Amino acid sequence: MKKLFFLLGSIFVLIPSVIAQTDLIVKDSLLYTYTKLYSLHSDSTLSLIDTGSSLCAIDSTYAVDKMGICLNETNKVRVNSRTNKLSTCLIDSVSFCGKIYRKVPCIVADLKGIFQKYAPDFVIGADILRDRTLVFNLSSKKLYPVRNKTIKKEAVKLTWKDCKRYPDVPLSFIIFEAKISGEDVCFAFDTGSRTNKLPINFHPSSPELIQRETANLSSKLKTKTLKCYKNITFQIEKKQYALDFFEGNYTYGLLNLEFLGGHSFILDYRKRNLVILPSEVL
């Protein structure tokens, strides 16, 4: 789901509820869970979990038809220090993983018109994800707050960088410094991306041409011929990985869920840690 950037801090009240876990659904290399939204109306909907979105987002048609939101009352905000602005609204409350968040600001966009079959009604962005340390248990297909803060030595703990160090990177993005063939690059860990992407103008090998569906906020979903770089080895901290990458559009690349190799993981925004868990830990 690309690409929703937001550089204003948001304030909302957190209200605990009883059940502190939710189902986790993996589809098309993306993560989903159910959220309950309250505005003029209320609705439970399958929502995309997107670490590549600084703010939550809602489909404009869904906002009007299901939630009763008046789009004439949306506010335009500057996005990523650029001249363009996106509409935002306030959702009265969002119930996510056993907790209720009040007055949640959301980007309003024509998600269904742009991303079509891949578009959710609602996107859970970093504004909510950063509130708690969360376990994404891909074995049990459950999402819940961390219960045991002791990390087994078999786990791989990667510490991401403060995104404020990079002027082109939006707020709350998970940024890893990496090396490809000795060259320094940056990657954003983006659970809202269906593909892995290289930084713009970075060409580590000869690409293959592949037909693939692609979309972003300025271009509707369509099949295009894309350059794909196969089995590219890269290093983050002391660990090496190999993935297929498509040509990218930003100064930083994107790592999607494939980066984890099917392992469960923990996201800790406060310590800026991504912990990749071996199967036997959970």
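The values are calculated or read from the model by the stated rules, or taken from the named source; none is laboratory data. For clarity, every value in this text was computed on a predicted model and none was experimentally measured. Positions of Cβ are backbone-derived with ideal geometry, glycine not excepted, and every protein chain shown enters the neighbour counts. Heads up: the accessible areas ignore ligands, DNA and RNA and are worked out on the full protein's heavy atoms, side chains in. Shrake-Rupley method; radii C 1.70, N 1.55, O 1.52, S 1.80 Å.
Structure data summary
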item	result
Ordering of 28-38, 55-65 by packing [mean C-beta count within 10 Å, highest first]	55-65, 28-38
Heavy-atom accessible surface of the stretch 160-276: percent carbon and sulfur, 1.4 Å	44 percent
Per-residue ³J(HN,Hα) for the stretch 202-217, Karplus 6.51 cos²θ - 1.76 cosθ + 1.60, θ = phi - 60°, Hz, x for Gly and Pro	10, 10, x, 7, 7, x, 9, 9, 10, 7, 8, 6, 8, 7, 8, 4
When each of Lys66/Lys112; Lys99/Lys164; Lys142/Lys238; Lys99/Lys271; Lys157/Lys230; Lys112/Lys222 is checked by Cα-Cα distance, pairs over 24 Å	Lys99/Lys164; Lys142/Lys238; Lys157/Lys230
Principal axis dimensions, the stretch 99-207 - Cα atoms, whole angstrom, descending	46, 45, 30
Diffusion coefficient, µm² s⁻¹, Stokes-Einstein with Kirkwood Rh over alpha-carbon pairs of the stretch 204-282 at 4 °C and 1.567 mPa s	85 µm²/s
Estimated [θ] at 222 nm from DSSP helical runs (n ≥ 4, -39500 (n - 2.57)) normalised by residues in the chain, nearest 500	-1000 deg cm²/dmol
Distribution of pairwise C-alpha distances over the chain, 5 Å bins, in %	1, 5, 12, 17, 19, 17, 14, 8, 4, 2, 0
Ordering of 192-203, 237-248 by burial proxy (mean other Cβ atoms within 10 Å per residue, highest first)	192-203, 237-248
